[in-house]
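*Asks:* Let me give you the structure first, and then I'll get to my questions.
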Amino acid sequence: MSPPIRFTAPRRPIWLTGLLLALVGFAVWTGFSVLPGLAQSSAPFRIREAWDTALFWRLGVPLMLLAQAAVGAVARDGIVWQPLWTLGGLFAGVVAVHPSGGDAGMLPLAVILIGVPCYLGLLAAAAGGRAVGNFIGE
């Protein structure tokens, strides 16, 4: 009898999953920054910082955590670096889409006070996704 044939899935580059996570972070920030201006048809269009809206915390953050867990379940390497891609996309959105008249003076403080706790939460989501992926994969 011939030995069984083993098929392996082709490996995806790590930057591809990272780019997906960065796009999710950027899209969440951009969407929830622009949404309040679009929702008020009578007022002039105004961009807000996304973390000033309740919808960002109720929908945007869980969406980022879910995306992080899904990528953690599928991607087999780079679990420590994956949250940095998401945060990189989020902070790219912070820099690119901000209210007029503001500057980036508070960005270092935001990176420390928002970025570090978010990194830990995203890392926990990725680890949970990895555990679920290992459980389902066996």
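FYI, it's all coordinate maths here, none of it is from the lab. Just so you know, these numbers come straight off a predicted model, no measurement behind them. Because the Cβ atoms are built from the backbone with ideal geometry, glycine has one as well, and the counts that use them run over all protein chains shown.
*Asks:* Give me the one-decimal nm value for the distance between modelled label points at TRP57 and LEU120, 7 Å along each residue's Cα-to-Cβ direction.
*Replies:* 1.7
*Asks:* To continue, here is another question. Arrange MET64, MET106 by Cβ neighbour counts within 10 Å, fewest through most, would you? Write down the numbers at each step before the final one.
*Replies:* Working: MET64 26, MET106 12.
Least to most surrounded, the residues fall as MET106, MET64.
*Asks:* Hey, with R₀ at 22 Å, roughly what FRET efficiency would VAL132 and LEU16 work out to, going by the Cβ-Cβ distance, to 0.05?
*Replies:* Numbers: r = 21 Å, r/R0 = 0.95.
It comes out at approximately 0.55.
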